[in-house]
Amino acid sequence: MVAAASTLLLRRLPVHHVLIVIAIACLVVVGPSCCGAKVLTAQWDVEYIFWSPDGEEHMVMGINGEFPGPGLRARVGDTLQVNVTNKLHTEGVVIHWHGIRMKGRPWADGTASISQCAIAPGETFLYSFTVDKAGTYFYHGHYGMQRSAGLYGSLIVDVAEGEKEPFEYDGEFNLLLSDWWHKSVHEQEVGLSSNPFRWINEPQSLLINGRGQYNCSLASRYNSSAALPECSLGGGEQWAPNVLKVLPNKTYRLRIASTTSLASLNLAIGGHNVTVVEADGNYVQPFSTTDVDIYSGETYSVLFTTNQNPDENYWISVGVRGRLPQTPQALALVNYLPNHASKFPTSPPPVTPQWDDYNRSKAFSNRIQGLEGTTPPPPADYDRRIMLLNTQNTIDGLTVWAINNVSLSFPPTPYLGALKYGIKAAFDQTPPPDTFPDWYDIMSPPANPNATTGNAIYTLDFNSTVDVILQNANTLQPNDSEIHPWHMHGHNFWVLGYGDGKFQRGDEKLFEKAGRRPPLKNTAVIFPFGWTALRFVADNPGAWPFHCHIEPHLHMGMGVVIAEGVEFLADVPRETLSCGLTGMMFSGNGEEGHN
Ligand SMILES: O=C1O[C@H]([C@@H](O)CO)C(O)=C1O
């Protein structure tokens, strides 16, 4: 019974303690570097393991026998050295450190075909990088759809020793959110590139720290006509919900990260408001809200004060927005001590706001502004503006996504090595279009649904200021346009603003006039039939993907690659380049590069 389960849960360590123990267990301090900063090392074996994330056992991609992978925790200035051994037998693997800019070490970004060759089965690769900005981050696979297979974990960067966050709290919890399918990612991938197209459909469950419930619901007791039976837990299940143990009248920081494959989420704590203080590793102007929208690839920190009736426990609910939900909410319990964790909250879990109330979603996104004092974007006389039209298309009967009519397909040689060593045959040298035709009707399915496949890149002048307008459009179905959260590697960008319909020249200036303080982020959503304006400085030598963070959409070509300043990199380590034309070059068989 649930009551019994919760009794046992009470004896378990609270979530944040679990994560800290994991971090200590997996990261070994090997020595101080400069200024109190440390070098932290870990050995990770990536392999498929059997796991029951939601009560049904399937294969997941685990690390050191755990799902989700081990939590990492470091301080600003620390160097992380994570030695990854691929024990998958039949497929390569890479790990991307989402939100970490990798200044001066773009080859550690962990993107197959871009920053490195996938680590072959049996081989080991050392990711070595410094974390330079405090915040809430995560890591995940970035090869094929391995993130959807469960290859992810949390990564927290604390302020440097002696520094303070611009807000105070008494304790913290970490919530890594994901969505989960029972069908293997291999079957999902094949479906997406089959004719007829087989869509992955909606997830079977939502997971909080890798835990969800599929065939039963903890919420059924509040609804006499509930479709699912009430969960019966023994306590030690891999799918037992998280319990956040709190004391009354304290303030807690919730670090939330979404690594979902598809779902846009909304999180709320029954009876408690939250104050948003951080987004994507950047401080935001604090604001209070009943609930938080969180798109795939985003992270937030929110503070909440345990100022409710201390005789009660409360639910945290996470539900789907932005697509018609077919997946039950994920739940976690806020357990006011000394109450028993088995004490059911008297109120049902918070209801997730209507999935297609986009005005509500836009209002939330517009409330995210940089903390007073955040560096403002450079002035609007941008050096370059790139308009990126997002469309759903067909190529040879396959359903794809295309940007300015080009569907991205990754080449076998990593861009970074190809650029560094001047191997022109590695990818198409004709740059992709900077814009799309003025006449394009974003409100209707494409008049001509054909697109092309390509792997050309956007080369940016080093240190130039670049504006990007992400323009959404109708899919192949009439009256349909979907949410796409776009994530940029290697950079933060300022979100200048969101708009409806087709972007008109000058529209982004309206936001500057409105006196908004654009937030810095690394992921920003485009709303259906809308546009989002971003600005960034191309100041990080490397080759970086910029893509929709919905895993099947990237797989279907929804992304671009940008590159800048690769000539300023002294070296690109050969161990990242053992495949494709760079592999041939270094083994002496291929095209010689010219630098
Ligand atoms: O890429 C997608 O494909 C389907 C649908 O558009 C076609 O079946 C869907 O919902 C997506 O997000």
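Just to be sure, is T435 away from the ligand (no atom under 16 Å from the Cβ), at pLDDT 95 or above and assigned to a loop (DSSP other than H, G, I, E, B)? So T435 passes the test. Each residue in the range 462-491 was checked for being assigned to a loop (DSSP other than H, G, I, E, B) and closer than 18 Å to L388 by Cβ, and 11 pass. Summed over the range 394-406, residues that are surrounded by fewer than 23 Cβ atoms within 10 Å (Cβ to Cβ) and within 16 Å of the ligand (Cβ to nearest atom) total 5.
Of all residues in the range 262-287, those being under 15 Å from the mean Cα position of the chain (by Cα) and of a type in the set (A, V, I, L, M) number 4.
The number of residues in the range 352-386 that are closer than 30 Å to S464 by Cβ, touching a Ser or Thr at 6+ places or on another chain (Cβ under 7 Å) and crowded, with 18+ Cβ neighbours inside 10 Å comes to 0.
Counting only strands (runs of 3 or more DSSP E) that sit wholly inside the range 111-190, those with at least 2 residues that are more than 18 Å from N83 (Cβ to Cβ) are 135-141, 152-158, 171-180.
Of the strands (runs of 3 or more DSSP E) lying entirely inside the range 20-98, those containing at least 3 residues that are at pLDDT 95 or above span 38-51, 58-63, 72-75, 79-86, 95-98. When you scan the range 501-509, do you find a residue that is within 27 Å of G144 (Cα to Cα), away from the ligand (no atom under 16 Å from the Cβ) and open to solvent by 10 Å² or more (accessible area, probe 1.4 Å), even just one? Looking for residues that are within 27 Å of G144 (Cα to Cα), away from the ligand (no atom under 16 Å from the Cβ) and open to solvent by 10 Å² or more (accessible area, probe 1.4 Å), one finds none in the range 501-509, hence no.
Would you please name the residue that is farthest from the ligand (Cβ to nearest atom), looking only at residues in the range 153-192 that are farther than 29 Å from K38 by Cβ and open to solvent by 70 Å² or more (accessible area, probe 1.4 Å)? Selected residue: H186. Picking from residues in the range 466-482 that are closer than 30 Å to A563 by Cβ and within 7 Å of the ligand (Cβ to nearest atom), the one that is surrounded by the fewest Cβ atoms within 10 Å (Cβ to Cβ) is T475. Taken over the range 448-465, the residue count meeting the criterion of being surrounded by 20 or more Cβ atoms within 10 Å (Cβ to Cβ) and within 16 Å of the ligand (Cβ to nearest atom) is 1. In the range 75-94, the residues that are over 30 Å from E165 (Cβ atoms) reach residues that are assigned to a loop (DSSP other than H, G, I, E, B) and among the charged types (D, E, K, R) with C-beta atoms within less than 8 angstrom, at least six apart or across chains, in these pairs: T85/E123; N86/E123. Of all residues in the range 193-209, those satisfying the criterion of being hydroxyl-bearing (S, T, Y) and either in contact with a Leu (Cβ under 9 Å, 6 or more places away or on another chain) or open to solvent by 10 Å² or more (accessible area, probe 1.4 Å) (or both) are S193, S194.
Considering G530, G559, G542, the condition of being touching a strand residue (DSSP E or B) at 6+ places or on another chain (Cβ under 9 Å), in contact (Cβ under 8 Å) with a residue 12 or more places away in the chain and within 15 Å of the ligand (Cβ to nearest atom) is satisfied by G559 alone.
Restricting the range 210-233 to residues that are assigned to a strand (DSSP E or B) and closer than 19 Å to S178 by Cβ, the residue that is most open to solvent (accessible area, probe 1.4 Å) is R211.
Summed over the range 239-273, the residues that are within 16 Å of the ligand (Cβ to nearest atom) and part of a loop (DSSP other than H, G, I, E, B) give a count of 4.
Residue check, H491 against (1) more than 16 Å from the ligand (Cβ to nearest atom); (2) within 24 Å of F287 (Cα to Cα), all met but one. Which one? For H491, the failing item is (2). Of everything in the range 331-346, what is of a type in the set (A, V, I, L, M, F, W, C) and farther than 16 Å from P248 by Cβ? Give them in sequence order. Within the range 331-346, L331, A332, F344 qualify. In the range 562-585, which residue that is within 29 Å of A524 (Cα to Cα) and buried (at least 23 other Cβ atoms within 10 Å of the Cβ) is nearest to the ligand (Cβ to nearest atom)? Looking at residues that are within 29 Å of A524 (Cα to Cα) and buried (at least 23 other Cβ atoms within 10 Å of the Cβ), I get I562. Of all residues in the range 275-299, those that are of a type in the set (A, V, I, L, M) and surrounded by 24 or more Cβ atoms within 10 Å (Cβ to Cβ) total 2.
Does S205 fit the bill of being within 16 Å of the ligand (Cβ to nearest atom) and among the small types (G, A, S)? Here the answer is no, as S205 does not meet what is asked.
The values are calculated or read from the model by the stated rules, or taken from the named source; none is laboratory data. Every value quoted in this text rests on a predicted model; they were computed, and no experiment measured them. Please note: Cβ atoms are built from the backbone with ideal geometry, for glycine as well, and neighbour counts cover all protein chains shown. Accessible surface areas use protein heavy atoms only, side chains included; no ligands, DNA or RNA. Shrake-Rupley method; radii C 1.70, N 1.55, O 1.52, S 1.80 Å.
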